[in-house]
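Working notes, structure below.
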Amino acid sequence: MARPSVALVSALRGTASRLRSSVSYAWGHLGMCNCGHLVQTLCGLAPARIHTIALEGDGDWETLANAYCPTSGHAIDDVITALIDAGLTTDDIAHLEKLDDTAILAALPGGHRWLRRNDRADVILYVEAWADLL
């Protein structure tokens, strides 16, 4: 589970707030998906830039996190380093993309239930519950 920090809780709440607005959300786009939106909030990068950086590696955010090497010199690893510096673990990155961390799901209003990973409203519920938990 993520290390609680003011920066991370603020970023999670900020991400939920931005997702409530008219920003684009596309689970299949590495810069506008669940992780992409948190990266936008934490790093201030544009969705297209995040997508381009993420394409330096292979696969989705879970695969990118699993391949993370802080000394690689690759821009994607710099982005993941920023997430880790904010308090996330590489497992948190994978769980965020799939909305499946059981501790966060148990903290949902109304109790545990499975969420749809490509549903904006479910992403908002998940990141808000995560922020509350932290």
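Nothing in this text is a laboratory measurement; each read-out follows from the coordinates by a stated rule. Keep in mind that this is a model prediction, so the values were computed, not measured. Cβ sites come from the backbone with ideal geometry, for glycine too, and all protein chains shown count toward neighbours.
Observations, loosely collected:
- With 5 Å bins from 0: P(r) over the chain, alpha-carbon pairs, percent: 2, 11, 23, 26, 21, 11, 4, 1, 0
- All Cα-Cα separations within the range 56-134 were binned at 5 Å from zero, giving a P(r) of 3, 16, 24, 22, 16, 12, 6, 2, 0, each value a whole percent of the pairs.
- Model label points for Glu56 and Ala103, set 7 angstrom from Cα along the Cα-to-Cβ axis, are 3.0 nm apart.
- Inter-centroid distance (Cα atoms) of the range 71-121 relative to the range 13-44, Å: 12
- Cut-off of 10 Å, at most 11 other beta carbons, DSSP loop: longest stretch of the chain lacking such trypsin sites (Lys or Arg not before Pro): 1-112
- Dividing the radius of gyration of the alpha carbons in the range 1-52 by their Kirkwood radius gives 0.98 for Rg/Rh.
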